[in-house]
1. Just wondering, is there one or more residues in the range 142-160 that are among the hydroxyl-bearing types (Ser, Thr, Tyr), out of contact with any strand residue (DSSP E or B) (no Cβ under 6 Å at 6 or more places or on another chain), modelled with pLDDT of 95 or more and assigned to a loop (DSSP other than H, G, I, E, B)?
2. For residues that are touching a residue at least 24 places away in the same chain (Cβ under 8 Å) and more than 21 Å from the chain's Cα centre (by Cα), scanning just the range 200-221, find the one that is nearest to Gly316 (Cα to Cα).
3. Which pairs turn up if I take residues in the range 178-194 that are assigned to a loop (DSSP other than H, G, I, E, B) and look for partners that are surrounded by fewer than 21 Cβ atoms within 10 Å (Cβ to Cβ) and of a type in the set (S, T, N, Q) with beta carbon separation below 7 Å, at least 6 apart in sequence or on another chain?
4. Just give me the residues in the range 272-304 being touching a strand residue (DSSP E or B) at 6+ places or on another chain (Cβ under 6 Å) and among the hydrophobic types (A, V, I, L, M, F, W, C), in sequence order.
5. Read through the list (1) without any contact (Cβ under 8 Å) to a residue 24 or more places away in the chain; (2) assigned to a loop (DSSP other than H, G, I, E, B), then give the number of the only condition that Asp171 fails.
6. Listed residues Ala290, Ala276; which is on the phi < 0 side of the Ramachandran plot, modelled with pLDDT of 95 or more, out of contact with any Ser or Thr (no Cβ under 6 Å at 6 or more places or on another chain) and surrounded by fewer than 21 Cβ atoms within 10 Å (Cβ to Cβ)?
7. How about the range 61-72: which of its residues are in contact (Cβ under 8 Å) with a residue 24 or more places away in the chain, crowded, with 17+ Cβ neighbours inside 10 Å and touching a helix residue (DSSP H, G or I) at 6+ places or on another chain (Cβ under 6 Å)?
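The values are calculated or read from the model by the stated rules, or taken from the named source; none is laboratory data. Everything numeric in this text was worked out from a predicted model, so none of it was measured. Cβ placement follows ideal geometry from the backbone for every residue including glycine, while neighbour counts extend to all protein chains displayed.
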Amino acid sequence: MKRAPILVATFAATIALAGCAGETVAPPTAESAQSSSMPNLDTERIDSALTNVSEALAAADKAKDSTLFKGRLIDGAARMRSAQYTLAAASGGELPELDMKPQNLAITNSSTWPRAIINITGRESAALPVVEVLVQQDPRSPYALTSWSRLLAGTSLTLPAISSGSGFVSDDATGFVLTPKEALNSYVAMLNAREVNTEKFTSDEYTTKYFDTLTQLSTNLAVAGTVTAQVSASDMPISGVVMQDGSALVAAQFTYTLTYARTIAKSTMRLGGQTAVLYDGEGDKVVGTATAHYLGTVILRIPSAKAGGQIQVIGGERTIEKVDRDDSSNPDA
C-alpha cells in the first residue's frame, strides 16, 4: 500500500508518515528491512489496545493509584507514572497528560513475541509530540505501555506503513551500528563523561540540557559544597521497530542520581523545585547530603550498519522518583 506523506508540524518538530514495505526479523536486523509480512494488528485492534491502556490509565490517574493500571503500564512507563503520582501528591500539582488516541502509528509484523505498537501523539496539540511504545510480551499478555517520551524539536521521522508492519527491535538486535543495549551503554557513558561523544552521537538538546543543569547547579552551590551526578543504564527491556530506512527506533531507560553535599561548615545549601518538594528535611536546607533519584527515557534512532553514521537522541523524558537524606556528613558536627 502506497500513500502520500503526511506532515505533522508542532513547534519545530515534524513527523512524516509514508507507506513502505514492512520488515520481519528474527532476530531483528537492519538488513531485513525490505522483507514483507502481515502486520500483527489491524487498525481496529490497535485502537482497542490503546483504548484499554487509556481507560486503565484514566482510572489510575483519578485515584493517583498505580495498582489500577497494573498490567497496562509496565516497565519504565509504570515506574515513571508512579513517580509522577508521588510528586503530584506531595506538591498538589497536576499530572502531565498522556494522550493515548491513535494518531501516527507503526506496528510490528513479527511471527514471534514480543510485539509492539508505536503511537506518536500530539498532532493537534501545541505541545511537542509524544512517542508511546506499547509491547505485548507473549501471546497471553495484553499490549501494555512500556515507555513514553516527548520528541525533541526539529525531529523528522518516516514511520513504516501499518498496512505492512515492521520488525521488532530488542536489546540485542543486530545489523545496526550498535545493538540497542550497546547504544544505551554508550549514551550512559557519555552522560557520565559530561561531554558529547561526537564519534557515536549527534548533539541534541536533551543531553545538552542535562549537562547545562549540572554546570549551573555546581556553580550556584559551590559556596556551600558540591553536586555530583552518577548515571546508570536500566535493566528494563529496550523496545522499538525497524524504520523505513533500516534504522532502529527504540525507547530505553536509564537512572541517575544528583547528590548535593554540604561540605563547608556554617554554610547554607538549599534545594529547589521538585527536589525540595520530595526532600524529607527541615524545610529545604541540606544538613549533610541529599540524593535525588531520577528515571530517564530516551528515544534513540540507531543507523543500520550498512548506512553507518551517528546515533541520534530524538526524544527524552525524565522524572524525579525520590530524595534521600543523610545528615551523617554534617560539616558543622
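1. The answer is no, given that none of the residues of the range 142-160 is among the hydroxyl-bearing types (Ser, Thr, Tyr), out of contact with any strand residue (DSSP E or B) (no Cβ under 6 Å at 6 or more places or on another chain), modelled with pLDDT of 95 or more and assigned to a loop (DSSP other than H, G, I, E, B).
2. The residue in question is Leu217.
3. The qualifying pairs are Leu178/Ser186.
4. Result: Leu278, Val286, Ala290, Ala292, Leu295, Val298, Ile299, Leu300, Ile302.
5. With respect to (1) without any contact (Cβ under 8 Å) to a residue 24 or more places away in the chain; (2) assigned to a loop (DSSP other than H, G, I, E, B), Asp171 is out only on (1).
6. Ala276
7. Arg72
Okay, residues lined up against (1) surrounded by 23 or more Cβ atoms within 10 Å (Cβ to Cβ); (2) farther than 19 Å from Leu50 by Cα; (3) aliphatic (A, V, I, L, M):
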{"position": "Thr108", "(1), (2), (3)": "yes, no, no"}
{"position": "Val131", "(1), (2), (3)": "yes, no, yes"}
{"position": "Leu134", "(1), (2), (3)": "yes, no, yes"}
{"position": "Gln137", "(1), (2), (3)": "no, no, no"}
{"position": "Arg140", "(1), (2), (3)": "no, no, no"}
{"position": "Ala144", "(1), (2), (3)": "yes, no, yes"}
{"position": "Trp148", "(1), (2), (3)": "yes, no, no"}
{"position": "Ser163", "(1), (2), (3)": "no, no, no"}
